[in-house]
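The values are calculated or read from the model by the stated rules, or taken from the named source; none is laboratory data. Owing to the predicted nature of the structure, the values given are computational and were not obtained by experimental measurement. Don't worry about glycine lacking a Cβ; one is built from the backbone with ideal geometry, like all the others, and counts go over all protein chains shown.
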Amino acid sequence: MAAAVPAVTVEEHLRSLAAPALGALTRRYGDFARCEDAVQEALLAAAGSWPGTGVPDHPLGWLITAATRRYVDQLRADTARARRERAVHDALPRDALVAPPPDAEPARDDLLDLLFLCCHPALAPSAQIALTLRAVGGLTTTEIAAAFLVPDKTMGQRISRAKQRLREAGARFDRPAPLPVVLHVLYLMFNEGYTQVHRTDLTREAVRLVRELHDRRPGSAETAGLLALMLLTEARRAARTGPDGVLIPLDEQDRSLWDRAAIAEGTALLTAALATGTPGPYQVQAAIAALHDEAPSVEATDWPQILLLYRTLDRLAPNPVATLNRAVALGMVRGPQAGLDLLAELESGALAGYPRLPAVRAHLLERAGDRAGAAVAYQEAARVAGSRPEQRFLLRRAAHCRNPAAGSDTNGPGSGATGASERAR
C-alpha cells in the first residue's frame, strides 16, 4: 500500500477511474442504475479511506471489487423474501465478487459501450447528454446542472428518471445506439470540456472515444469529420490561456505552441472524409478549424472561405454558435458594421436572449471603434459567462475598453474574438 496522499489528489484520481469502473460493472451485470449507485458508493468509500491509507497498487480493481460487493448488497436489500434473495445470489457468476486481474485487457472498450447505453433512443436528447456527462465524463450533478443552466435538484431528477427509463426499456449494454446520436453527444461532451478550459480530461476522453468509434466505423465520413474537428480544435489548447489562467484570444495566441502533429492528423482525416462525397456538418466545422490552424496569422486567414463555410453550416445544421460565428466572419470580410447589422437581426429573432450574443456584439463594437459600447457589452457578457476563465477575460476586455491607457495584456482592437470564432465549434 502506498503512503498517504492529499485528498485533492485522490479526488482527481477517482474522477478518472469512475467511468472505467462503471463500464466494467455494467458490462458484467447489465443493470445500469444499480451499477451506477454501487460505483458511487465505492467512490465515497475510497474518498474516505485512500487519503489516509494511500492509493492501492491496483486502484481500478479495488473500486470494481468494492462496487461489486455493494451491487450484491443492493440486490439482497431489494429482495423481499429470503428464498428469492438466495436465488439471486446463487445466480451470480462464481467469480462475481472477484475483481479482474489488474493487468487483464478488456475484450472491448467498456466506456464506448457505456456511451452507447447512455445514448439509448428511449432517452430524450437532454437526458442522453446529461447521463453521458455523468457516467462517461465524470461530471458531478452540480457541474452538469451549471452546464444546462438548471438547478441541481432539476438535474438530479433528470438523471434519476433517465436511469429508470433505461431499466424500463430493457436497455442492453452491448446494443449500439444510432450513430448520429452518439456523435452529437460526443461533440457536446468535447465542447463542455473545451469551454470549461480546465476539463482536459473531458476533451481527451471525447477524442479517445471518437477515435475508437472511427476505428469501428472507418467508413463513416462524419465520424472522421468529428475526430478531425476535435483534433484541430484541441491543437490550440496550449496557447488558449496565459500563466494566470485567463483566456487568450485567437489573434494573440502564440501559434508556435499549437500542436502541429494534431493539426496534420486532423487535416489528413478531413481530406480523406471530404473525398467520400457531400460533406456533413462535422466535416464543414472541421474545415473551418483547419483554415484557422493553417493560417500564419489572423490577418492571413481566409475569412471569405470561412464565411462561405459558415453559410453552408447554417443550411446543414443551424445552431446559435455557428450563426454567431458567421456574424464575426462577416465582420472580418465586410467590416464590423456588417457583422453588427446581422447581429441586430439575430437579436430580434432566433437568438433573442442567447447568453453568448453579448460577447460577439462587444467584439464587433470594439473593432468598429465604439469602446464605450464594447465595454458595456463585455460587462453584460461576463455576467452570463459559462466559465470562470471566460468571465475573467471578458471583464479584462471591459476594463481595457474603458481605459486603454491603463495597460492591458491584449493587443488592441479585435482581441475579443476569443468569444466567437475561436470557440470550439
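A few comments on the model shown:
- Members of the range 142-174 that are closer than 19 Å to Gly23 by Cα and either of a type in the set (S, T, N, Q) or in contact with a helix residue (DSSP H, G or I) (Cβ under 7 Å, 6 or more places away or on another chain) (or both): Ile159, Ser160, Ala162, Lys163, Gln164, Leu166, Arg167, Ala171, Phe173, Asp174
- Residue selected from the range 221-247 under the condition modelled with pLDDT under 90 and either of a type outside the set (D, E, K, R) or within 19 Å of Ala286 (Cα to Cα) (or both), by the criterion surrounded by the most Cβ atoms within 10 Å (Cβ to Cβ): Leu247
- From the list Val210, Val185, the lone residue that is modelled with pLDDT of 90 or more and either out of contact with any Lys or Arg (no Cβ under 6 Å at 6 or more places or on another chain) or not acidic (Asp, Glu) (or both) is Val210.
- In the condition set (1) in contact (Cβ under 8 Å) with a residue 12 or more places away in the chain; (2) not in a helix (DSSP H, G or I), Pro243 is compliant with all but (1).
- Residue list for the range 275-303, filter: free of Cβ contacts under 8 Å to residues at least 24 places away in the same chain, surrounded by fewer than 19 Cβ atoms within 10 Å (Cβ to Cβ) and in a helix (DSSP H, G or I): Leu291
- Within this structure, Pro336 passes the test of being in the same structural domain as Ala264 (by TED's automatic domain parsing) and crowded, with 17+ Cβ neighbours inside 10 Å.
- The single condition among (1) under 20 Å from Gly170 (Cβ atoms); (2) of a type in the set (Val, Ile, Thr); (3) at pLDDT 85 or above; (4) not assigned by TED's automatic domain parsing to the domain that holds Phe173 that Thr132 does not meet is (4).
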